[in-house]
1. Consider only pairs whose beta carbons are under 8 Å apart and that are at least six residues apart or on different chains; among these, list those whose first residue lies in the range 199-215 and is free of Cβ contacts under 8 Å to residues at least 40 places away in the same chain and whose second residue is buried (at least 24 other Cβ atoms within 10 Å of the Cβ) and part of a strand (DSSP E or B).
2. Does the range 159-179 contain at least one residue that is free of Cβ contacts under 8 Å to residues at least 40 places away in the same chain, within 23 Å of ASP90 (Cβ to Cβ) and in a helix (DSSP H, G or I)?
3. Residues that are touching a residue at least 24 places away in the same chain (Cβ under 8 Å), within 15 Å of the ligand (Cβ to nearest atom) and β-branched (Val, Ile, Thr): does the range 136-144 have at least one?
4. Residues that are within 16 Å of the ligand (Cβ to nearest atom): which strands (runs of 3 or more DSSP E) entirely in the range 16-99 hold 2 or more of them?
5. Can you pull out the residues in the range 185-205 that are within 14 Å of the ligand (Cβ to nearest atom) and on the phi < 0 side of the Ramachandran plot?
6. Run down GLY107, GLY35 and say which single residue is farther than 27 Å from ILE147 by Cα, of a type in the set (Gly, Ala, Ser) and buried (at least 21 other Cβ atoms within 10 Å of the Cβ).
7. Identify, please: which residue in the range 121-146 is loosely packed, with under 12 Cβ neighbours inside 10 Å and closer than 18 Å to HIS96 by Cβ and is, among those, modelled with the lowest pLDDT?
8. So, of the residues in the range 206-217 that are over 12 Å from GLY107 (Cβ atoms) and outside any helix (DSSP H, G or I), which turns out to be farthest from the ligand (Cβ to nearest atom)?
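The values are calculated or read from the model by the stated rules, or taken from the named source; none is laboratory data. Note that this is a predicted model, so its numbers are computed, not measured. Cβ coordinates were reconstructed from backbone atoms using ideal geometry, including for glycine residues, and neighbour counts include every protein chain displayed.
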Amino acid sequence: MIKKILILFLVPFQLYGYTILLDPGHGGEDDGAKGELANIKFSEKDLALTLAKKISKRISKKHRVYLTRSYDKSVTLEKRAEIAEKLSVDLFVSIHVNASTRKSANGFETYYLDHHKDAAVKKIESVENRNLKGQELVVHQILTDLIVDRTTKSSRRLGQAIHSRFSKGIKSKFRVKDRGLKPGLFYVLALTKRPAVLLEIGFISNSRELKKLTSEKFQDEYARNVADGIMAYLKVLKKEKPPLF
Ligand SMILES: [Zn+2]
């Protein structure tokens, strides 16, 4: 009898795998970064959503996948974290597009939550963290210190698993620059309190790069790289069976 009960509980668990939350950055009134190509306007919020849907499609064959938003609407950073908590997700991936006043700036980068002293990264943080102010910010700074200690190692491993896929993927196939796997203090990552990374897929402010970012072929390859990375990370996790945060 005990054996039967155990099987009943274990089988669905094995079948459904892990729970992943994909987070298309910005949305609604918050367009995120903006760019233009042949008089057509593009925004970070739309590109991020398109990418999130493509990644979701690839992972959902093996795992449960949720999106923090599935259409164009405003979602606060706190709400995104609340969704992660409610669904008890195993990992969180936030998707963004970079911009710079320097038109030639280009390339993709992957961030995991950790302290650092990189001034260039601080600039990007100030953009992605901007809907937090005053008291809220102080609370989150304290919270971040605690979460960094508990999640950095697994977040870096998740970041590595994803980022390493880009070398043979988008980097060699579309000749985009690898800006690296870096530590960053993004509050949306800290607030989720679980292994989490933030992806900057490229620069919307660079028209040559925007052409690539908006092409279906690039988007499919990018989604494939990210999905493969996430699944490789989960495979190792399954073998090691460490306690999930
Ligand atoms: Zn963003």
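1. LYS212/GLY202
2. yes
3. No, the range 136-144 contains no residue that is touching a residue at least 24 places away in the same chain (Cβ under 8 Å), within 15 Å of the ligand (Cβ to nearest atom) and β-branched (Val, Ile, Thr).
4. Details: elements: 19-24, 34-37, 40-43, 64-67, 91-98.
Of the strands (runs of 3 or more DSSP E) lying wholly inside the range 16-99, those with at least 2 residues that are within 16 Å of the ligand (Cβ to nearest atom) span 19-24, 34-37, 40-43, 91-98.
5. PHE186, TYR187, VAL188, LEU189, VAL197, LEU198, LEU199, GLU200, ILE201, PHE203, ILE204, SER205
6. On the way: GLY107 fails: buried (at least 21 other Cβ atoms within 10 Å of the Cβ).
Being farther than 27 Å from ILE147 by Cα, of a type in the set (Gly, Ala, Ser) and buried (at least 21 other Cβ atoms within 10 Å of the Cβ) holds for just one of GLY107, GLY35, which is GLY35.
7. Checked the range 121-146; the qualifying residue modelled with the lowest pLDDT is ARG130.
8. Step one: filter the range 206-217 for residues over 12 Å from GLY107 (Cβ atoms), giving 207, 210-211, 214-217.
Within this subset, residues satisfying the condition of being outside any helix (DSSP H, G or I) are 214-215.
Numbers: THR214: 17, SER215: 20 Å.
So, considering only residues that are over 12 Å from GLY107 (Cβ atoms) and outside any helix (DSSP H, G or I), the one farthest from the ligand (Cβ to nearest atom) is SER215.
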